[in-house]
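Participant: The structure that follows is given in the form of structure tokens.
No value in this document is a laboratory result; all are computed from the given coordinates. Just so it is clear, the structure is predicted and the values come from calculations on it, not from any experiment. Positions of Cβ are backbone-derived with ideal geometry, glycine not excepted, and every protein chain shown enters the neighbour counts.
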């Protein structure tokens, strides 16, 4: 019996020693270690339905853990969950919230600390705002026009913390039309611009609906054209138009390229000046061709200056008058040595008239020998003409 008791004690001692050796070996091969994980994202949960974070930052913390080497080495950031639970808070203001750190799927790992252990959050009332969508055209050429045909939807709703939503100044779609010479139809996301003209679209505290905006734009060619006075009739006998003025004298028009390229001027509505013997001022509308548009809706101011023609009588040597369309078989002579002519002039042209430059001539084409009464003509001149009372002259045609 005594021997049996000693046997049992020896066996128990052996088991104990083996256990101690096993634990020793395990601790040598798989010791307990510590490890720090940085930039672990913080999830904010259970925010009240009528509250919003004043500023939606990407909150992070550093977490230090300890555990067996074999387990800790397999941990990654995705195994660590850090949460700020706002379930019990329903007030507006700044508060500190403790961070709850959990290790997912790892046994025997202990969280030593989180740094920071708390985060400060500013809570505001959740509000929303409906804003009309504005389209901003970028890069248009001076000879091109882009008219917004439609915006769908033209009203969007944005929600978020009260101070941020109240700072919204515009909701804008930016469209670059550089080198676009045709109608445009596209869908583009809008940008949120605050009252300080800063883009706050990417602020995570804002919740936006209808990000895609359908915009249709009509393209037109633009051209600046002179305004031409459209007159009918003539001034009273013995009077002439000394000057005309149109104010403004140019206008911008737009339309399809093919039509715009084919016009060189824009006319006023028709004005009849028949029998006019004094200056005239009048307002006239523009006559815009079909397919052409303009933003100028006013009438242009037209001024017409009228002056009386001057009359001067001259005795001109017959030798100053040439014959045209002559025949080599005949000679041509004006019977009288001098011819009396009445000249009618404009703009002071008769003050220093040079008879030799008037181009006076008589057409003798087809005439046979004998005396002929023929009219005198002169070269075209915008300021001088022959008077209506000029009589014919006798021309003698003789065989050589």
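Participant: Using a/c under 1.5 as the rounded threshold, could you call the stretch 32-124 rounded, prolate or oblate? The axes a ≥ b ≥ c are square roots of the C-alpha gyration tensor eigenvalues, and prolate needs a/b larger than b/c, oblate otherwise.
Facilitator: Prolate is the answer for the stretch 32-124, as a/c is 1.5 or above and a/b outweighs b/c.
Participant: Please list the three semi-axes, largest first and in whole Å, of the ellipsoid equivalent to the stretch 184-335, using sqrt of 5 times the eigenvalues of its alpha carbon gyration tensor.
Facilitator: Its equivalent ellipsoid spans semi-axes of 64, 22, 13 Å.
Participant: Shifting gears a bit: Would you work out if the stretch 310-399 is rounded, prolate or oblate? Take a ≥ b ≥ c from the square roots of the eigenvalues of the alpha-carbon gyration tensor; rounded if a/c is under 1.5, else prolate when a/b is larger than b/c, oblate otherwise.
Facilitator: It is prolate, given that a/c is not under 1.5 and a/b is the larger ratio.
Participant: May I ask for the Kirkwood hydrodynamic radius of the stretch 43-82, worked out over all distinct Cα pairs and given in angstroms to one decimal?
Facilitator: 13.2
Participant: If the viscosity is 1.002 mPa s and the temperature 20 °C, what translational diffusion coefficient in µm²/s does Stokes-Einstein give for the stretch 135-216 when Rh comes from Kirkwood over Cα pairs? All intermediate terms of the calculation are to be shown ahead of the outcome.
Facilitator: Values: Rh = 13.9 Å.
So the translational diffusion coefficient is about 154 µm²/s.
Participant: May I pose another question? For the stretch 203-287, I need the span (max minus min coordinate) of the C-alpha atoms along each principal axis, in Å, sorted largest to smallest.
Facilitator: The Cα atoms of the stretch 203-287 stretch 83, 29, 16 Å along the principal axes, largest first.
Participant: Roughly what % antiparallel, to the nearest 5, for the DSSP beta bridges in the chain?
Facilitator: For the chain, the DSSP antiparallel bridge percentage is about 85.
Participant: Next question. Using a/c under 1.5 as the rounded threshold, could you call the chain rounded, prolate or oblate? The axes a ≥ b ≥ c are square roots of the C-alpha gyration tensor eigenvalues, and prolate needs a/b larger than b/c, oblate otherwise.
Facilitator: Here the chain falls in the prolate category.
Participant: Something else about it: As a test of the formula, what do you get for the chain when each DSSP H run with n ≥ 4 contributes -39,500 (n - 2.57) and the sum is divided by the residue count, at 222 nm and rounded to the nearest 500 deg cm²/dmol?
Facilitator: So the helix-based figure for the chain works out to -3000 deg cm²/dmol.
Participant: Just to confirm my numbers, what's the Cα centroid distance between the stretch 197-254 and the stretch 309-367 in Å?
Facilitator: 53
Participant: Going highest first, how would you order 50-63, 135-148 by mean Cβ packing within 10 Å?
Facilitator: Top to bottom by mean Cβ count within 10 Å: 50-63, 135-148.
Participant: Against the longest alpha carbon principal axis of the chain, how many degrees, from 0 to 90 and to the nearest 10, is the axis of helix 2-29 turned?
Facilitator: 20
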